[in-house]
Structure formats: structure tokens, C-alpha cells
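The values are calculated or read from the model by the stated rules, or taken from the named source; none is laboratory data. Being a predicted model, the structure only gives us computed values, none of them experimental. So basically every Cβ, Gly included, is an ideal-geometry build from the backbone, and we count neighbours across all protein chains shown.
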Amino acid sequence: MNADPVVGRAVPRRDGPAKVSGAAAFTAEVPVEGTAHAKLVCSTVAAGEITGIDLTEARSAPGVVAIMTHHNAPAMRIAPLLITLRGASFTRAPVMQDARIRWNGQPVAIVVAETPEQADHAASLVRVSYALAEARLVFDDLKAGAPQPDHVQGEAPAVMIGDAEAALRAADTRVDQVYRTPWHTHCAIEPHATTVAWHDDRSLTMWDATQAITHSQATLAEVFSLDLENIRVVSQFVGGAFGNKMMWSHQILCAAAARLAQRPVRLVLSRSDVFRVTGGRTRTEQRVALGARADGTLTALIHEATTTTGISDGFAEQCTFPARVLYGADTFGIDQRVVELHTPANSSMRAPGESVGSFALECAIDELAEQLDVDPLDLRTRFEPAAHPTTGKPFSARHLLEAYRLGAERFGWAERSSAPRSRRDGPWWIGQGVATATYPYTRMPGGRASVTVSADGHATVRTAAHEMGMGTATVQAQYAADHLGLPLDRVHFEYGDSRHPAAVPAGGSAQTVSIIASVVAATRALTAELLRLTSSDSPLAGAGTDDVELRDGGIYLRDGGAGQSWPDILRRAGRDELTGEGAASPPTETAQHAMHSFGVQFCEVRVHDVTGEVRVSRWLGMFDTGRIINPRTATSQFRGAIVMGIGSALSEETIFDERTGRVLNATLAEYHVPVHADIPPIEVAWLGHPDPLAPMAGKGVGEVGMVGVAAAVANAVYNATGRRIRDLPITPDKVLGL
Amino acid sequence: MKPFTYQRADDVASAVAAAATTPGAVYLGGGTNLVDLMRQNIERPAALVDISRLPARIEIGTDGRLRIPAAATNTDVAADPVVRRDFRIIAEAIVNGASGQIRNMATVGGNLMQRTRCLYFYDAGAHCNKREPGSGCDAVDGHNRMHAVLGASPHCMATHPSDLAVALAALDARVHLAGPAGQRTVELRDLHRLPGDTPHVEHTLEPGELITTVSVPAPPAEARSAYRKVRERASYAFALVSVAALLEVRDGTVVSARLALGGVAAKPWRAASAEAVLTGAPATRASFERAADVALADARPLTHNGFKIPLMRRVIVSTLEELS
Amino acid sequence: MIVINGTPHEIAITDPRRSLLDHLRTDAGLHGPKKGCDQGGCGACTVLLDGRRVLACLTLAAQADGRTVTTVEGVGRDGDLDPLQEAFINHDGFQCGYCTPGQVCSAIGMADEVARGVPSRVSPEIGAASFDLSPDEIRERMSGNLCRCGAYNGIVAAIEETYVGGPR
């Protein structure tokens, strides 16, 4: 512990100078001697068989080194799914093992050449012919009778408590609506990039833009039948990931091509390949039905969601999770269905499920409030449950009512006019909306870390973790400094390399707490080892780890007792440094308790009377996510999630041609992520009440910020214009009813 | 990208000569559209003649016309004090398009010659009569939200993406050309062709012809003007619809009117019939609504772009109201 | 010959297809300019060409011959960060950092455009002799630089502090 803690301080990012000066080297920029460059050739049909691949022209193009197709690809096992906690894949589709086409955009060849320009050109000369099979592409034709998945992120696909349909029919007041959200694509600005160098037939190094180093290593071991220790995966800086930089076919193909070419190969996906080779977020169709008594309490809460996956996939988008946790009701009817389509795999995209699921639920609540003529925030307070409404577990910490109250005060919610279409500034209608946010707390099992202390008084924490911009290196150094009792500038944090102890994937807003738990274990191992090294004349002689505390750069008996500095212990033992390594304790904190992050989103929009254009003019997010380690990086996480939510509300849609299954707007010019001009100043605040069961008393902040955003915007658009938009994005034509 | 040769021209004559003597040559301006299309293997020239460094001084000619060299960048045009004072919708249209970086690169000639953003045109895996004549059009029954409602044909319903061209069309701009056969001038409104059954023929330039200058007569001194654009994000997006309008009103009566529509056709769409309705009419909302109806009388919706017609109507009416 | 960050570079451009972006990243060893889309849709490759912000991905390397290029590596002086770069750090104007070099170069070019009297879509009077760098102006003028991490607030604050004299 630190007398003057650094946890809770707005410490600047450690990688700031490197990132603002261009010095930070991302995956495609790491120099690797003798590298050749690869380009994918991808299918232009969604289903069928490859009947022929003509490589004549491509082979004779200048600079071509090798071309791999399913004819000469090595045998490769199927990559394990992310959900298994062994791998990081979203699909069990084999990679270039057969002639079968499973989606439009599936890689069918990989061309390796001396330069990127030569690889691009040669790839354009590959001629592929197909025998078409009937493809499953039209969601509306296939949704009826869609099956329940085996599970939804490990939870039951359906939760039935009482007879919700009967309760709905009997309710005094009812809302029963269908909400739709389109496909989305992550659009990290750094495209996926991989370089693979084989050292011999049994060992390789892969530099990869990934948020799952350890699991990529395990995947390569499985796919290529290699020993884990012969595979090194390096990922120092990742240019945004948002759930998409997991294990896809391109890393496997790059590795196989490098073996074929007998030299290192680099594959950087083109932007259109990012859209078509990797998967995004499923479209959703969601029915939310609410039955209420005259006093506003809920008699029925029904949330039925149908989502999609690709062929052979495993990711059912957890749209109904908010409805399972947010509100108390007499009856619940929760059900999820999945339609398998010939599209890229569904993958985890920031707040998977919760972001789009909350759009449906939180809009429906707003509609109910209007019917009951109750303020939508007041109405939510009437639903506040004493315990988790569908599992009955007590919440470890839930301060949502306080967030509502403080958020409303700060935003000035009381000044809102509840009557739609009642405020105007010139041609702009003004409206305000609110929505609740929640996201589950997760601590993934399996993470490890090491802590090394050196005779010069520094400590180094190592784990194969990821820095995609969340501030991992900074906040973990802060935590370790306090935990070890060292000044911040004497703590190093090393990550991004599978040579470090294994880490969990950076996902589910779980990395920070997972690393902290493993640092706690590593520190305990280190302390025990240091205590063993102390001599018999040390004040620490005979003390156990529970008898001591870490402070002032050393180990001291509890309650201000005597002790020794680490350098002192190390010097006397004749050691330069000492390392302790440990595995995080099993995540038992969720066994008896429901643990969630919460929040509430307030926004103001301006809607143009003539054109129907919507501009977000003001935002406040008030969050209940436990203790915040670094207010600066946490604020950026919250804001960034809100920005992505605004994109989903107003402009983002991945357009598939339902005849061909092909992504049409596979560019950043036509897939509209928000630009500077779309984003107002975003105010972010939090309660900061510690969660007593979470390591460090903190919960995830990366995803809860996106939940409720689209609903808050839609509710504000209704308040501004009197138009309910139940399908995203909220484009001018929908606002005008054209 | 297919291999090509590159040469740079320092003046119009050498540019035209180079293009005439180099098989498969095309002119390269700022490259913001051409290089992108080459990288997608949609444009596959054998040779580039770089004209981006041709003289680019904007001036008022002795005939009083604004003369914008084709190699002038969009930014330089938008920043020009004379343009901003006397031809303001040119500047307004430019700053409504693309991004600061693209406007710094893109030339006026290249802006006029840029190709459609039709998603099927841009996807070498799709059918497109513009890209491959006779191969069919996937937009007809496909995703055609951004497509044309005016002047389309069953073979092609792509739109022209330029903002600048819409303003120039409203201003009666002329395009000055140089080619192997000498120099000539065409009206801007005659530069682009509607698709008909030859959508791959997009303009009236002869092979090897180069746009050298765009000239614009001074608009009526009393006229007020505006460029209005509707899009799906606040900036850096192509138009759903756009309107360039000039309106001269005296004593409550429209003396003259010019109206050009963007985002609705394969060319900047000059709504001459609406102008005729407006001229001499009272400057009232009723007149503007009638003009909008006339302008859109021949508009035909596709599966997904029907909204463009009432949206355009609203924007026409409100823009004219604002100017009256 | 291209002058890159003040130093003349005589690197043969053997393939006319090579973009200025790939030339800088590969041949000149400067990976500050980023490849985000390679088609003019994101702004991550923004560099200053003869002082003006352009997209290096859509500029052929051959087109830069005889001109000067400034990348983010050449923005600071004498090994120190430029005040704008410091402001990006202080306002947390980035997360993953991939768009950052483009944002920095774009902001420098943008400030110069304002000083030269280049209008924007949101300028109150397009014919004005000069323009204020209001937050609205910054947001509009920087809209060619996407940031998917959503660090827009911090970027605008950094630009305001550097060129306007402190966030309002």
C-alpha cells in the first residue's frame, strides 16, 4: 500500500509521448527481415463450391512468391471458440480446407509477393469459378421458427417466470412493440495486421494486432499441432479492437502462407476485407412487451430477440441480458432465437447484446412512461428491484437510484418538457431523452502475472495483456504501485508478449480486474519468496505473508512494525532481483452475488424541421461502476463508448445485399462512424462507490458506457418531434416519416 | 492496382500531347477519386499524365467571368476572396464536400470528372453496366437508397457525387477543353450525360480531351444564393440531396431564379422548368411549392430512395423561402 | 527528391504504384503516418505536403517529387514535442493512438488554413476576412479525421488550448 495512493489519480497515459510522436510501432510497422507481403482473394458468392481456381496469370505476375488455395493449404485443425476460454474464434468454419463457401468474403486464396503492390495486383488476377448453392440470406424469410441456441454466453436462452403473456393481456396498460437494429462493424482505424515468421518447422513468432495474445498462441498450437512454448505472439500496440481483433482466418492463413513461402509473411487486411473477412455485430429483431398496473409497477416484462450468426458459429448476441437484470416485474418472458445465415460470423462488438438489447428495452420503457403519463426516470425508480429480478441473487452493489437522482440534477432533467414537439430553436426541434445502462461484471479465469523486484528498488509487472487504448499499462502501473508500496515511477508494466505469463483476452470489460487479481497472487508469491530470503536477524524473520504489509519500498510487519526494504533483502541474499508469479484466484465473487456495472444516459438532441437531420447537442453519462482507478482514462473509455453508441443511433449500418450476402458499404466513406462534427461535449460522472466483492472494488467501464445510448437518443428524438423510431439508425427519412 | 507509367505535364499543351501519344493514358488531378478507383481495380489505366501542377491562378477575365483553372484545388477556390464575395455558392458547395485534406488535394477538373459512389460500381464483385457495359445493374433491384430519382434508366441509376458541380450548374458555368483536335467550350450542364443505355459514357469529352478552365459569369447583382445539403452524418458524407439556388426578388416578385439539384441524378440537375415557374411569380411559399413540384414532376422512386423526392421538395421550398 | 521532415531524401521510386504513404512508411522508415483505409476515408495518413494537409494514401509518391513533406515525426523541434502534441497528452486526446499522428498533422494544417482565410461549412459568414477557431469550427474542420476510440472531446480541447489559448 501507498501512504499517498496513486489509484484514483488522473495520471497521464504512459504511452502518450510515443503515440503523439509517431514512435509507437503498431503490428504492421514492426520490422521483420526478409518479409514478403500477402493479399487475400475472397469469394464473391455466399454459398456453394469452388469449381476451379485459375492461377495462370497470377503466378506469372511480377514478384509473386507463392499462392495458397485449398488445393495446397496444409491440414489445419479448427480454431477453438472464444467461449471455450481456450481460443479466440467466433466460428468453427474450417480455414481453406475444402472447396465449400460459407459466406461472401470468405478467403479462397492468399497471394504472397515481394511488395504489397505486387501482391495486390497478382491477387486481382486470380480467377475463381463457383457452383452456387442456395444461400440462407433473407432474415425476414428465415426468422419464423428460428431455433433457440444452446446457450447465450453461457446463460439459458430463455427465462420464464410466471405467465407473462397472460399478465400482459390482463395489464391495465400495455406496450408491445418490435424494435430493429442493423448489422454493425467495429471499424477500428487500424486494420487487422499479422506478420508470421517460422523459425523452423515447429516454432514461429506471430506479430498480431490482437486482444487475445494467450488465446492466439493456444489457437496456433492447436491449428498447426505445435507445442505452446514454440509459439510466440507479440502485440505491443493495437490500433483499436472493440471486440473484433480476435482470431479470424487471416492469422491462420498468414501463418500457413509463411510456411509455404519459406519466409516471413505480412498480411494487412484491406479495409473492405476487414468488413467482409471478419465479422461484425448481428442485426436484431426484438419484441419488448410491458404490462403495468395503474401505479406503474410492472406485471409483465417480455423480451424476445432474434439475432443471426454465420454458418458454424457460436455467438448468440445477448440482447435480453438487460431485461434479466434491470427491473422488477411479476412475470418474465425472455427468449432468444438465432438464425444461421451465410454471412461472416457474428462477433463481440463493444457491449455485445446489451447495447442493442437496451435500445429495445429502454425505448419500450419510455413508451410505457408516456402511456402512464409518468416521467420516464420516475417510472424506472418504481421498477427498482431489491435483488436480481430473474435469479434472486443479491446485488454486490447497485446504486442506480442515486445515479438517477444525481444525473438528473446535473443534467437539469426537471426542466425538460414531457410534451413532445414543444421546444424549438429556429428550424431545430429540441428534445431530451434518458435511458438506463447496465453491463455484467466479469472476471475471466486463467490469468497469470509475475512481479519482479530488483536491487535498484524498481518493480516490474509482466503479463501477456493488451493495450488497445484502454490505458492498461497506465492503470495497472497505478494499481501495482499502491499494492507494492512503491512510487509510480518505480513500477514498470510489461505486456503484449506471450513470453509473459498468460493473460485473459481483453474483452467483456474484464481485463483490468482480471489482471489485478493475478498481480495480487503474484505479489503474494513474491512476498513469500522474499520472506524466505530474510536472514535470522531480520525483523521479518519467521513472519508469514499474512503478518506483513508492503509499503515504502519494502516489507514491514503489520501495523507500522519494523521491516526491510526490498533492495536490502535482495542485497543481503546476494540477489539482483527476484520474481514471484501467480494465477488469479477463481472468480468466485459472482457465485452468490449478482455483479453489474450500472449507469444512466441523458441526452439532448436537435432535429431539423425541414431535413430531419438529428444532431446530439448535449450528453451526460452518470455511472455506477465501483471504484475508478484513473479518472482520465476512465472518462475517455466512457466517452468513447458513448460516441460509438451515438454512431449506432444515428448513422451506422453495415449493408448486406440479401441476394448475394455481400457487404456493400465496405468502406469508411460509406459506413458512417461518427466524425468530429457529430459529437458534442460529453459530460461523464460516476458515483465511485466501491463494489465490496470486486478486486480493487472496481468494475468494468469499457462497455457499460455504450449501453442505453441509442435508446436515449431515440427517446430524445421522440421528445423533440413526437416520432417514435423503432429501427436504427435514425436517419432523416425515418424522422420525417418519408 | 494494375501497373502503369507515370509522367508529369507542366502545361496544357504538353499534357494533351502526352495523353495523345501514350496508349491507355488518363489524366491525374488530385487523385482523390482516381487513385482510390485504381486501387480497387475499377479504373485500370496503362498510363497517368499528372496535371496537378498545371497553372492554377484564379482570376476574373476581361469578359467579367470568373476563370478557375482546372488544376486549382477545391480549397484554393473556396478560399478565394472574389469567389467568396461574388460567387459564394461555389465556396459553400465546396466546403460542404469531403474533408479538409481532400479539398486540399482535389482539383476542380477532377471534381467534375469524379465517378459515382454507387456501391455496386465500387464493388468489382457486383454487376455494373457502368463498369462493364452489358453486365447488368445490381442496383435496380438491390440497395438503391443513394440512387437517382431523376434521369435514370433501367441500365443505371447512379448519381453524380459532386457538390461543386451542382453550384456550377446553377451559375451557368462553362467548361473549357483542350484536346488533340484543339480547344472548345461546352456548357457545364452539357458536360455530363444521362445513362440511357450507355451508362459507361458519362460525359461529352472526346478521347484525350482535358478540362483546362471552368468559367462562370457573374450572377445577377441582386440575387441571393444558397447551397443546402442533407446527409447522414454532420460532415464528411455524400449528399442524400442537395440544392443550389439563386433567387432575385424585387417588390415581392421573383425576377430571376436558378435551381440546381444534387444527389438525385447522374449529373448536376438544373431544374429549368421550375425556374420558369418561379420567374415572375410572387415570392411566396405557394410559388416555391409549385416550383418544387414542377422540378420533381418527372422524379421516379426506386425501391429504397423514394424518400428523396419529398425530402428534396422540402429542401427546395425552405431554401427558396430563406432566399426570398 | 522529396524533402521529408527537413531532410532531402533521394529514394528511387521504382514502382509508380507506390503511394506517398507506403513510401514514407516503408522506404523512408517513418511509420507515423498510418494506413487506416488506404482510400481517403479516415484521415489517419494525413501529412503536410508543402505545408498543406493531404492524404498520403491517395497521393502517389511520384507526385511528391520536388516537394516537402512533414510527418508527425517532424512536428516537434529539437527532440521536444510540439505544444500541440503535449496538449493531446494532457487532454487525453487519444486512446489507441492509431489515428493520432493524422489528427496532429491535420490540426496543424487546419490552423494554417484558418490563418489563411479558408472558410468552413460552419463559418458564420463565408465571405469574412478571417475566421474564429470556435469549437464548432474545430469539429467541422477536423471531420476528415476519424477516431473510433471516440477521443473527439480531448482532441478538440487540445486544439483549442494550443491555437486559441485555453479551452473555454
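Summed over segment C:22-53, residues that are within 11 Å of chain A (Cβ to nearest Cβ) and aliphatic (A, V, I, L, M) total 4.
Without any contact (Cβ under 8 Å) to a residue 40 or more places away in the chain, within 28 Å of A:GLY239 (Cβ to Cβ), facing another protein chain (nearest Cβ under 7 Å) and part of a loop (DSSP other than H, G, I, E, B): is that true of C:GLY97 in this structure? So C:GLY97 passes the test. Does segment C:126-145 contain any residue that is part of a loop (DSSP other than H, G, I, E, B), within 14 Å of chain B (Cβ to nearest Cβ) and of a type in the set (D, E, K, R)? So far as segment C:126-145 goes, no, none of its residues is part of a loop (DSSP other than H, G, I, E, B), within 14 Å of chain B (Cβ to nearest Cβ) and of a type in the set (D, E, K, R). Between B:VAL230, B:VAL186, B:VAL166, the distinction of being crowded, with 19+ Cβ neighbours inside 10 Å and closer than 20 Å to B:ALA272 by Cβ belongs to B:VAL166 only. Return a yes/no flag: does segment C:72-94 have any residue that is within 19 Å of A:PHE26 (Cβ to Cβ), within 14 Å of chain B (Cβ to nearest Cβ) and touching a Gly at 6+ places or on another chain (Cβ under 9 Å). So far as segment C:72-94 goes, no, none of its residues is within 19 Å of A:PHE26 (Cβ to Cβ), within 14 Å of chain B (Cβ to nearest Cβ) and touching a Gly at 6+ places or on another chain (Cβ under 9 Å). Applying the condition of being acidic (Asp, Glu) and either crowded, with 24+ Cβ neighbours inside 10 Å or in a loop (DSSP other than H, G, I, E, B) (or both) to segment C:67-94 and asking which residue is farthest from the chain's Cα centre (by Cα) yields C:ASP78. Looking across A:ALA387, A:ALA323, one residue alone is more than 30 Å from A:SER272 (Cβ to Cβ) and surrounded by fewer than 23 Cβ atoms within 10 Å (Cβ to Cβ). It is A:ALA387. Please work out which residue is nearest to the other protein chains (Cβ to nearest Cβ), limiting yourself to segment B:62-93 and to residues that are within 17 Å of B:GLY29 (Cβ to Cβ) and in contact with a strand residue (DSSP E or B) (Cβ under 7 Å, 6 or more places away or on another chain). By that ranking, first place goes to B:THR73. Under the condition of being in contact with a helix residue (DSSP H, G or I) (Cβ under 6 Å, 6 or more places away or on another chain), more than 14 Å from every other protein chain (Cβ to nearest Cβ) and within 22 Å of B:THR198 (Cβ to Cβ), the residues counted in segment B:128-173 number 3. For the subset of segment B:234-256 comprising residues that are part of a loop (DSSP other than H, G, I, E, B) and away from chain C (no Cβ under 14 Å), which member is surrounded by the fewest Cβ atoms within 10 Å (Cβ to Cβ)? Checking each candidate, the answer is B:ASP251. Residue-level check: of (1) touching a Lys or Arg at 6+ places or on another chain (Cβ under 7 Å); (2) buried (at least 24 other Cβ atoms within 10 Å of the Cβ), B:LEU259 misses just (1).
Determine if segment A:110-126 includes at least one residue that is farther than 23 Å from A:LEU220 by Cβ, in a loop (DSSP other than H, G, I, E, B), within 32 Å of the chain's Cα centre (by Cα) and within 14 Å of chain B (Cβ to nearest Cβ). Taking every residue of segment A:110-126 in turn, none turns out to be farther than 23 Å from A:LEU220 by Cβ, in a loop (DSSP other than H, G, I, E, B), within 32 Å of the chain's Cα centre (by Cα) and within 14 Å of chain B (Cβ to nearest Cβ). The residues in segment B:200-213 that are in contact with a Pro (Cβ under 8 Å, 6 or more places away or on another chain) and either part of a strand (DSSP E or B) or farther than 26 Å from B:SER14 by Cβ (or both) can be counted, and the count is 3. Determine whether segment A:706-722 contains at least one residue that is surrounded by fewer than 23 Cβ atoms within 10 Å (Cβ to Cβ), hydrophobic (A, V, I, L, M, F, W, C) and in contact (Cβ under 8 Å) with a residue 12 or more places away in the chain. No.
Residues considered: B:ARG103, B:ARG85, B:ARG145, B:ARG117. Of these, the only one that is under 16 Å from the mean Cα position of the chain (by Cα), surrounded by fewer than 23 Cβ atoms within 10 Å (Cβ to Cβ) and not acidic (Asp, Glu) is B:ARG117. Of a type in the set (A, V, I, L, M), in contact with a strand residue (DSSP E or B) (Cβ under 9 Å, 6 or more places away or on another chain) and in a loop (DSSP other than H, G, I, E, B), is that true of A:ALA61? Criteria met by A:ALA61. Restricting A:GLU589, A:GLU604 to residues that are more than 30 Å from A:ARG410 (Cα to Cα) and at pLDDT 95 or above narrows the list to A:GLU589. The residues of segment B:211-226 that are of a type outside the set (A, V, I, L, M), closer than 21 Å to B:LEU112 by Cα and surrounded by fewer than 17 Cβ atoms within 10 Å (Cβ to Cβ) amount to a single one, B:PRO217.
Residue by residue, here is whether (1) within 17 Å of A:LEU40 (Cα to Cα); (2) in the same structural domain as A:ALA66 (by TED's automatic domain parsing) holds:
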| site | (1), (2) |
| --- | --- |
| A:PHE90 | no, yes |
| A:MET96 | yes, yes |
| A:ARG100 | yes, yes |
| A:GLY105 | yes, yes |
| A:THR115 | yes, yes |
| A:VAL126 | yes, yes |
| A:SER129 | yes, yes |
| A:ALA146 | no, no |
| A:TYR179 | no, no |
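Only residues that are in a loop (DSSP other than H, G, I, E, B) and more than 14 Å from chain C (Cβ to nearest Cβ) were counted across segment A:35-55, and they come to 6. Is it true that A:MET696 is of a type in the set (A, V, I, L, M), within 10 Å of another protein chain (Cβ to nearest Cβ) and assigned to a helix (DSSP H, G or I)? No: the conditions fail for A:MET696. Scanning segment B:124-142 for residues that are within 25 Å of A:THR654 (Cβ to Cβ), buried (at least 24 other Cβ atoms within 10 Å of the Cβ) and either under 22 Å from the mean Cα position of the chain (by Cα) or of a type in the set (Val, Ile, Thr) (or both) yields B:CYS128, B:LYS130, B:ALA139. Any residue in segment A:333-353 that is assigned to a helix (DSSP H, G or I) and either β-branched (Val, Ile, Thr) or out of contact with any strand residue (DSSP E or B) (no Cβ under 7 Å at 6 or more places or on another chain) (or both)? No, that holds for no residue. Considering segment A:461-475, and only residues there that are out of contact with any strand residue (DSSP E or B) (no Cβ under 8 Å at 6 or more places or on another chain) and assigned to a loop (DSSP other than H, G, I, E, B), the residue that is nearest to the other protein chains (Cβ to nearest Cβ) turns out to be A:GLY469. Against the list (1) touching a helix residue (DSSP H, G or I) at 6+ places or on another chain (Cβ under 7 Å); (2) farther than 30 Å from C:VAL72 by Cα, the condition A:VAL20 fails is (2). Of the residues A:LEU220, A:LEU226, the single one that is in a loop (DSSP other than H, G, I, E, B), at pLDDT 95 or above, more than 14 Å from chain C (Cβ to nearest Cβ) and under 17 Å from A:ALA75 (Cα atoms) is A:LEU226. Looking only at segment A:618-641, decide whether some residue is more than 23 Å from the chain's Cα centre (by Cα), more than 11 Å from every other protein chain (Cβ to nearest Cβ) and over 29 Å from A:GLN511 (Cβ atoms). There is at least one residue in segment A:618-641 that is more than 23 Å from the chain's Cα centre (by Cα), more than 11 Å from every other protein chain (Cβ to nearest Cβ) and over 29 Å from A:GLN511 (Cβ atoms).
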